[in-house]
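Nothing in this text is a laboratory measurement; each read-out follows from the coordinates by a stated rule. Just so it is clear, the model here is predicted, and its values are computed rather than measured. Note that we place each Cβ from the backbone using ideal geometry, even for glycine, and neighbour counts take in every protein chain shown.
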Amino acid sequence: MSEQKLALVTGASRGIGRQIALGLADSGHKVIAVSRSPIDTSDLSASQKSLITSITGDVSDVSFVEKLEKQVS
């Protein structure tokens, strides 16, 4: 059995970041989706929702990145 891969995607609330997060989830990866604004999950499938964890914050803020590191590890 292979280990499930984890991806961290920034800018995941819209555009390319959102599509990357959805594509990774569709491929079976667990995704940490980070965005400065809340991510709308209303249109996600049940399987996508189970694989995507959304976190709101600014990756240019050092204290946020430190907290994020603790959450992910």
Say we join alpha carbon atoms closer than 10 Å with springs in a Gaussian network model of the chain; which of Ser45, Ser37, Ser60 then has the biggest fluctuation?
Ser60
Residue with peak Gaussian network fluctuation, the chain [Cα springs, cutoff 10 Å], from Ile55, Ile32, Ile16
Ile16
Length-normalised contact order of the chain in % [C-alpha pairs under 8 Å, at least 6 apart]
27
Env charge @ Thr10, Cβ radius under 14 Å, K,R +1 / D,E -1, value 0
Grab the Cα-Cα distance for Gln19 and Glu69, subtract it from 0.36 nm times how many residues apart they are, and report the gain in nm with one decimal.
15.7 nm
Can you compute the helix-only [θ] at 222 nm over the chain? Use -39500 (n - 2.57) per DSSP H run of at least 4 residues, normalise by all residues, nearest 500 deg cm²/dmol.
-11500 deg cm²/dmol
Rg and Dmax of the chain, Cα atoms, in Å?
12.1, 38
Compute the distance in nm between two label points, each set 7 Å from the Cα along the Cα-to-Cβ direction, one at Val62 and one at Leu8.
1.6
Measure nothing but the geometry: give the 0 to 90° angle between the long axis through the Cα atoms of 62-72 and the longest principal axis through the Cα atoms of the chain, rounded to 10°.
30
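For the stretch 6-72, what is the charge dipole size about the Cα centre, in debye to the nearest 20, if Lys and Arg each add +1 at the Cβ and Asp and Glu each add -1 at the Cβ?
80
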Within the under-15-Å Cβ sphere about Ala21, not counting Ala21, Lys/Arg +1 and Asp/Glu -1 give a net charge of +3
